[in-house]
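**Q** Quick one: structure below, then a few questions.
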2 protein chains.
Amino acid sequence: MTDRITRLNTTQSDFDSALAQLLAWDDSVDHQVNESVRHILHEVKTRGDAAVLEFTAKFDRLDVGSMAELEMDKSRLQAALDRIPQDQREGLEKAAERIRDYHERQNQQSWQYQDEDGTVLGQKVTPLDRAGLYVPGGKAAYPSSVLMNAIPAKVAGVSEVIMVVPTPDGVVNDMVLAAAAIAGVDRVFTIGGAQAVAALAYGTDTVPSVDKIVGPGNIFVATAKREVFGVVGIDMIAGPSEILVICDGKTDPDWIAMDLFSQAEHDEQAQSILVSPDADFLDAVEASINNLLPTMEREEIIRTSMLGRGALIQVADLKEAAEVSNRIAPEHLELSVEDPQAMLDDIRHAGAIFMGRHTAEALGDYCAGPNHVLPTSGTARFSSPLGVYDFQKRSSLIGFTAQGADRMGRVASVLARGEGLTAHARSAEYRINE
Amino acid sequence: MTDRITRLNTTQSDFDSALAQLLAWDDSVDHQVNESVRHILHEVKTRGDAAVLEFTAKFDRLDVGSMAELEMDKSRLQAALDRIPQDQREGLEKAAERIRDYHERQNQQSWQYQDEDGTVLGQKVTPLDRAGLYVPGGKAAYPSSVLMNAIPAKVAGVSEVIMVVPTPDGVVNDMVLAAAAIAGVDRVFTIGGAQAVAALAYGTDTVPSVDKIVGPGNIFVATAKREVFGVVGIDMIAGPSEILVICDGKTDPDWIAMDLFSQAEHDEQAQSILVSPDADFLDAVEASINNLLPTMEREEIIRTSMLGRGALIQVADLKEAAEVSNRIAPEHLELSVEDPQAMLDDIRHAGAIFMGRHTAEALGDYCAGPNHVLPTSGTARFSSPLGVYDFQKRSSLIGFTAQGADRMGRVASVLARGEGLTAHARSAEYRINE
């Protein structure tokens, strides 16, 4: 490593702009991709199965006679579960159990109450009818992602979870299918890319249309999801993964270096930042980074990420560390400090907060229980982890008694006339007792 | 009225396609508008206040020397509240009280629990720091919309609610300002259009950047919101307003006609549909429509809407009415029937449900309590009314004990290695007791 990882200090005069530059992330759209995606969406919308078959033959080199051949039987999922190594199966089952247990606590209940006039007010919570789950295929196959997306949907009460996963050249990933079996996915189609998103959004003769599409994907998938938003719901469009570690300087530097690596290994654009009031500790972690890097399987990805987007930031104290964190609103925030609960009040924005030296972020990625689909690129300022609430929606309930309609009709009448909406006013006035 | 309102019957062989055609709504983007909006966003993002001033001079014909002159002092809001007629003030105050009371029940609480290893899991709920509220100016000024957008934000705990409202040619609407005073809006800028959305999203020297932008607007505002989504959160992009009335045939046909009008008067694209098993009742309502139409202030808008997009649909029974409603997933659903609670179980998708003959939809628009910002164009299949939850976000909490990290680290290690992510695995393995 000839270059060194970026070092910042909140005392430097240009800290604000240096931090802003560090966080800057260009998510500008690629017009070529946009055009291509729009074409695929249009073809699938108008020609259905035939278009899906053509694109699948073209992009995944799968030449089949009918869409039926692209549906994977549930027995195939079960067979994959039976086939994978025992420790992987137990790992997936244990993870699923904890994810289910945590997410059940997010379940929302309908409620009603009556006001003094006997008027009923409330909120009715219902699950989505159908959810679509996009799962990347090929090399970057993540069974944990199947669990994290499908389980909240099933806990929410979604009756049909439909998974799409491309199998380029017919290559399937057994762990992904096993995870689908464990999570209770209802149907699986081996299609991918923008054509799979289009099939889920518009429906075809074979693929039923869904109400919401979730799950990660490449630029074509992300662009397609953005385009069909409104026709269906979508989860967030994720940026590169990030971690911010706040450390009081008393955790093993190797542990912290490896925690930073665990984000950096995702891809070259991932961002790993360490914040500490202890300058010597920052030096020690930098030494650990340099020592450990050559031992890593994904050394080049990690190096590019750490040098290009990583940083070690010195702050005055943990209070200031929390302030820096709030400005970043990180996807993952690790509080590697003695008393993390004491810091919680100062943390306003973060996707997930990992508390204490033993809480490696990687535990959260797989089996802690909470979701690993988290808001990136500072969007934790206004959005939340994927959850059961993403697969449920609310309907307001309003039931006026004659007495209530009389009393409130008078208010509505005044306000509607104030806005010049006289049909509104007259509709309310019909229910006023003369 | 030479043309007649569309009549459908679920028994007709082409009912499905006729219904689909009725609901079809072209929300295709206007490339000219897109280009114009992108230019405005870019200018405000790079030149800040100067660009906002220029666009405000150009579009609203307001020539002021500095942005400070475009901020409206709180005393102006209070003065407006003192100046409006007493019945309007009381109406706004009563409505605000009921909206606040209802929305307080939506407040979400943080929670934590421990598993058998003492590991802490939980969810921390925090409000957004700042919310931006867009309020249309000029003729279509809706004070009720100020209450419906600002009150949930304040109930959620948002510390700063910043309202933007254009004042073309300097025209201000006292009821809008009065509503802002009642709702507790913190700052008001008299700017509008895409330039106001840009100022809220990117911030300028004068206008602070917000975390989420809510509120209705014209095509320029809607397009700008869609473009800045990701930089900030946004509420939904609303389509035309809709009402679906299910009636057992025993409500006064004039009441039902006026309820249909109360949506139709919003604009020509609004959609009002009546569903009933009683053919004679459909005739009676059609007669009421024809009788009442000439008496309406907004006769032409209502006529265009009712003839172009309205419909009277005959069904076999109320069960089938619910099925038709679920396919439409209406923004407003009126259950003008004897026992609306009995129908509730069959209703899966609707923005707001108005129960019983006395519950005019117009009451919900102003003062029932629940929000009047509701999902349109069938999006009630997957989205909810605007609520307190839109101004709060969640952070997952994970705090492993040494024992828990040891036990779950083994699971994470197996799964991470199964996914080829060895930095994840090694980060977890550091916390395993050898």
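**Q** Which distance in nm do the two modelled labels at residue B:304 and residue A:63 give, with both placed 7 Å along the Cα-to-Cβ direction?
**A** 5.6
**Q** Among the DSSP beta bridges whose two residues both lie in chain A, what percent are antiparallel, rounded to the nearest 5? Each step should come with its number before you reach the end.
**A** Numbers: 14 of 50 bridges.
Expressed as a percentage, antiparallel bridges in chain A total about 30.
**Q** Okay, moving on. Between copies, how close do the residue B:169 label points come, placed 7 Å along Cα→Cβ, listed in nm from shortest?
**A** Taking the point 7 Å beyond Cα along Cα→Cβ, the inter-copy spacings are 7.0 nm.
**Q** Ranked from the most accessible area to the least, with a 1.4 Å probe and all protein chains present, what is the order of B:332, A:31? All intermediate terms of the calculation are to be shown ahead of the outcome.
**A** On the way: B:332 5, A:31 130 Å².
Descending accessible area places them as A:31, B:332.
**Q** Under 12 Å from the Cα of residue A:225, which aspartates and glutamates turn up, not counting those fewer than eight places away in the same chain?
**A** A:235
**Q** For region A:211-343, what class follows from the C-alpha gyration tensor (a ≥ b ≥ c being the square roots of its eigenvalues): rounded when a/c is under 1.5, otherwise prolate if a/b is larger than b/c, else oblate?
**A** Oblate, because a/c is 1.5 or more while a/b does not exceed b/c.
**Q** With all protein chains present, how much of the accessible area of the protein assembly as shown (probe radius 1.4 Å) comes from carbon and sulfur, to the nearest whole percent?
**A** Carbon and sulfur together cover 47 percent of it.
**Q** Also, quick follow-up: Relative contact order, percent, of chain B when contacts are C-alpha pairs under 8 Å separated by at least 6 residues? Each step should come with its number before you reach the end.
**A** Values: 841 pairs, mean separation 84.2, N = 434.
That works out to 19 percent.
**Q** Here is a follow-up. What does the charge count around residue A:127 come to, taking other residues whose C-beta lies under 12 Å from its C-beta (Lys +1, Arg +1, Asp -1, Glu -1)?
**A** Net charge in that neighbourhood comes out at +4.
**Q** Okay, next question. Kindly tabulate the residues in region B:111-146 with an accessible-area decrease of at least 40 Å² between the chain alone and the assembly of all protein chains, using a probe of 1.4 Å.
**A** Listed in order, they are B:111, B:113, B:121, B:124, B:129, B:142.
**Q** Now a separate question. Exceeding 19 Å between C-alpha atoms, which entries from my cross-link table qualify? They are A:319/B:393; A:45/A:154; A:319/B:212; B:45/B:212.
**A** Working: A:319/B:393 22 Å; A:45/A:154 28 Å; A:319/B:212 26 Å; B:45/B:212 16 Å.
Those over the limit are A:319/B:393; A:45/A:154; A:319/B:212.
**Q** Next question. What's the average, rounded to a whole number, of partner chain beta-carbon atoms within 10 Å of each residue's beta-carbon in B:88-95?
**A** Values: counts 4, 1, 3, 9, 4, 1, 7, 5.
Per-residue shielding by partner chains comes out at 4.
**Q** Can you figure out the FRET efficiency of residue B:71 with residue B:342, using R₀ = 60 Å and their beta-carbon distance, to the nearest 0.05? Before the final figure, lay out each step's value.
**A** On the way: r = 53 Å, r/R0 = 0.88.
Efficiency for this residue pair is about 0.70.
**Q** What's the average, rounded to a whole number, of partner chain beta-carbon atoms within 10 Å of each residue's beta-carbon in B:347-353?
**A** Shielding by partners across B:347-353 averages 6.
**Q** Another one. Which whole number gives the average count of other chain Cβ atoms within 10 Å of the Cβ atoms across peptide A:381-391? Before the final figure, lay out each step's value.
**A** Values: counts 11, 15, 7, 8, 5, 0, 3, 0, 4, 1, 1.
For peptide A:381-391, the averaged partner shielding equals 5.
**Q** Right, another one. For the rotation that superimposes chain B on chain A, which residue of B has the C-beta lying nearest to the axis, and at what distance in Å?
**A** Spelled out as residue then distance in Å, it is B:389, 4.
**Q** Then there is this: Consider a paramagnetic label point 7 Å from the Cα of residue B:38 along Cα→Cβ; state which residues of region A:216-259 have an amide N under 12 Å from it.
**A** none
**Q** Ordered shortest first, which distances in nm separate the 7 Å Cα→C-beta label point of residue A:50 from those of the other copies?
**A** For residue A:50, the inter-copy label distances come out at 5.7 nm.
**Q** Is the shape of region A:1-86 best called rounded, prolate or oblate, per the rule: a/c under 1.5 gives rounded, else a/b larger than b/c gives prolate, else oblate, with a ≥ b ≥ c the square roots of the Cα gyration tensor eigenvalues? Write down the numbers at each step before the final one.
**A** Details: a/c = 4.05, a/b = 1.84, b/c = 2.20.
Oblate, because a/c is 1.5 or more while a/b does not exceed b/c.
**Q** Let me ask something else. Extending each Cα 7 Å along its Cβ direction at residue B:12 and residue B:319, get the distance between those two points in nm, one decimal.
**A** The two pseudo-label positions are separated by 2.5 nm.
**Q** Taking a ≥ b ≥ c as the square roots of the eigenvalues of the Cα gyration tensor of chain A, is the shape rounded (a/c under 1.5), prolate (a/b larger than b/c) or oblate? Please list the in-between numbers first.
**A** On the way: a/c = 1.90, a/b = 1.23, b/c = 1.55.
Judged from the Cα gyration tensor, chain A comes out oblate (a/c at least 1.5, b/c at or above a/b).
**Q** Right, here's the next one. Can you give the Rg to Rh ratio of the protein assembly as shown, both from alpha-carbon atoms, with Rh computed by the Kirkwood formula?
**A** Values: Rg = 28.0 Å, Rh = 28.6 Å.
Rounded to two decimals, Rg/Rh equals 0.98.
**Q** On to the next question. List the residues whose amide H sits under 5 Å from the amide H of residue A:7, counting only those 5 or more places along or on another chain, with H placed 1.01 Å from N in the peptide plane.
**A** Hits under the 5 Å cutoff: A:312.
**Q** With runs of 4+ DSSP H residues as the only contributors, calculate the mean residue ellipticity of chain A at 222 nm using -39,500 (n - 2.57) per run, divided by the residue total and rounded to the nearest 500.
**A** On the way: 17 runs with 195 residues, N = 434.
It comes out at -14000 deg cm²/dmol, rounded to the nearest 500.
**Q** Which percentage, to the nearest 5, of the DSSP beta bridges contained in the protein assembly as shown is antiparallel? Provide the component values of the computation, followed by the final result.
**A** On the way: 28 of 106 bridges.
Here the antiparallel bridges make up roughly 25 percent for the protein assembly as shown.
**Q** Sorted from shortest, what are the nm distances separating the label point of residue B:9 from equivalent points in the other copies, each placed 7 Å from Cα along Cα to C-beta?
**A** Residue B:9 label point versus its equivalents elsewhere: 8.6 nm.
**Q** Could you work out how far the C-alpha centroid of region B:227-293 sits from that of region A:263-337, in angstrom?
**A** Taking the Cα centre of region A:263-337 as reference, the centre of region B:227-293 is 56 Å away.
**Q** While we're here: Output wanted: per-residue J couplings in Hz (rounded whole) for region B:201-210, from phi through Karplus 6.51 cos²θ - 1.76 cosθ + 1.60, θ = phi - 60°, x for Gly and Pro.
**A** Working through the residues one at a time gives 6, 9, x, 10, 4, 9, 8, x, 6, 10 Hz.
**Q** Right, next: If we count every other residue with Cβ under 12 angstrom of residue B:342's Cβ, Lys/Arg +1 and Asp/Glu -1, where does the sum land?
**A** Values: positive: B:319; negative: B:248, B:338, B:339, B:345, B:346.
Neighbourhood net charge equals -4.
**Q** Oh, and also: At the nearest 100 Å², what buried accessible area, both sides summed, do you get for A and B when the probe is 1.4 Å? Write down the numbers at each step before the final one.
**A** Details: alone 20930 and 20880 Å², together 31660 Å².
Interface area, both chains combined: 10200 Å², rounded to the nearest 100.
The values are calculated or read from the model by the stated rules, or taken from the named source; none is laboratory data. Small disclaimer: the values here were computed from a predicted structure and weren't measured. Glycine gets a Cβ as well: all are built from the backbone with ideal geometry, and neighbour counts include every protein chain shown. Areas reflect the complete protein model, heavy atoms only, side chains present, ligands, DNA and RNA absent. Shrake-Rupley method; radii C 1.70, N 1.55, O 1.52, S 1.80 Å.
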